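Before any comments, here is the structure.
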Amino acid sequence: MLNTLPYIKHLDSGNFFLIAGPCVVESKENCIEIASHLAKITDRLKIPYIFKASYKKANRSKAESFMGIGDEKALEIIAQVKEQLKVPVITDIHTVEDANLTAKYVDILQIPAFLCRQTDLLVAAGKTGKIVNIKKGQFLAPESMKFAADKVFQTGNKKVMLTERGTTFGYYDLVVDFRGIIEMKKTGLPVILDITHSLQQPNQSSGLSGGLPELIETIARAGIAVGTDGIFMETHPDPSKALSDGANMIALSKTEKLLEKLVKIKDTLNNFG
């Protein structure tokens, strides 16, 4: 599936693939800085890399929360990252109309977790012919994700990936059940672990989501150990200044050491045969 992506590299390395970037497009400079940093690291470590940024944030706690710099302006920046750095790109969609708009700019369409049951949205994404990454709803059992995938399959598009991003645990927390990765892999589809949103603490009374970024490495190492095909993470040069989801991001400066550790774990698993 990933071999259909433009600019994808190192698919024969035996490594997991990486989807990573800022939560949302803040500026061209921010996106280029992050993508350039990650592209150099992943090229050295031979990790297939896909740049991620949301062109808008439709799901925010408060009405005044930052949503984006403008849809087409943000999509143009994502496309510029693709062409300038020669990496494939992914962004979220939220409505049927978004599917055709974003498909002109990106290689993979991502369905947000809260929208993974929206039939019209999944069908519209499937009809674009793009790879569709469906995030598992925080409220959904992993075995139910086969029905979300099937909605895309029925358009004739078999290019689907599934992403684990934690399950609601009380009002203000999430928990990752690593059995879910094994369950979703039974579909035969690539399964990704989102190591940053899985540590989000949503719905805080302040109207801002919290997070536990100090556990990102723990979640990531466990995910590789149980056989996740890909890792998803959001990063920023200074998470405290990020315009969205900074509380659960990893600092850009810490990504290299983390990825080096994950590659070593993956190498060990590969040697088990």
For this session: Scan region 1-51 for residues that are among the acidic types (Asp, Glu) and under 21 Å from Ile224 (Cβ atoms) and report the count.
Result: 2
Exercise. How many of the residues in region 166-185 are in a loop (DSSP other than H, G, I, E, B), under 19 Å from the mean Cα position of the chain (by Cα) and not charged (D, E, K, R)?
Worked result: 3
Exercise. For region 186-207, does any single residue satisfy the condition of being under 18 Å from the mean Cα position of the chain (by Cα) and of a type in the set (Lys, Arg)?
Worked result: no
For this session: Select from region 172-213 the residues that are small (Gly, Ala, Ser) and modelled with pLDDT of 95 or more and write down the one among them that is farthest from Phe153 (Cα to Cα).
Result: Gly180
Problem set entry | Of all residues making up region 88-123, the number that are closer than 20 Å to Thr4 by Cα and under 15 Å from the mean Cα position of the chain (by Cα) | 11
Exercise. Exactly one of (1) part of a loop (DSSP other than H, G, I, E, B); (2) more than 26 Å from Gly129 (Cβ to Cβ); (3) free of Cβ contacts under 8 Å to residues at least 24 places away in the same chain is unmet by Lys40. Its number?
Worked result: (1)
Exercise. What number of residues in region 150-176 are open to solvent by less than 60 Å² (accessible area, probe 1.4 Å) and under 22 Å from Ile195 (Cβ atoms)?
Worked result: 12
For this session: Report, by residue number, each residue of region 78-112 that is open to solvent by less than 20 Å² (accessible area, probe 1.4 Å), farther than 19 Å from Gly68 by Cα and in a helix (DSSP H, G or I).
Result: none
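Every residue, every condition in (1) among the hydroxyl-bearing types (Ser, Thr, Tyr); (2) open to solvent by 30 Å² or more (accessible area, probe 1.4 Å); (3) in contact with a Gly (Cβ under 8 Å, 6 or more places away or on another chain); (4) in a helix (DSSP H, G or I), yes or no:
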position	(1), (2), (3), (4)
Gly223	no, no, no, yes
Leu243	no, yes, no, no
Ala247	no, yes, yes, yes
Leu259	no, no, no, yes
Ile265	no, yes, no, yes
Thr268	yes, yes, no, yes
For this session: Quick one: Ala35 ticks every box in (1) assigned to a helix (DSSP H, G or I); (2) in contact (Cβ under 8 Å) with a residue 60 or more places away in the chain; (3) among the small types (Gly, Ala, Ser) except a single one, so which number is it?
Result: (2)
For this session: Could you list, in sequence order, all residues of region 148-165 that are in contact with a strand residue (DSSP E or B) (Cβ under 8 Å, 6 or more places away or on another chain) and not in a strand (DSSP E or B)?
Result: Ala148, Ala149, Val152, Phe153, Asn157, Lys159, Arg165
For this session: Write out, first by first residue and then by second, each pair whose Cβ atoms fall under 8 Å of each other, whose residues are 6+ apart or on separate chains, and whose first residue, in region 220-238, is closer than 26 Å to Val25 by Cβ while the second is open to solvent by less than 10 Å² (accessible area, probe 1.4 Å) and of a type in the set (Lys, Arg).
Result: Phe232/Lys52; Glu234/Lys52
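The values are calculated or read from the model by the stated rules, or taken from the named source; none is laboratory data. Since this is a predicted model, take the numbers as computed values, not measurements. When we count neighbours, we look across all protein chains shown, and the Cβ atoms used for this are built from the backbone with ideal geometry, even at glycine. Each accessible area value is taken on the protein alone, full model and side chains, heavy atoms only, with ligands, DNA and RNA left out. Shrake-Rupley method; radii C 1.70, N 1.55, O 1.52, S 1.80 Å.
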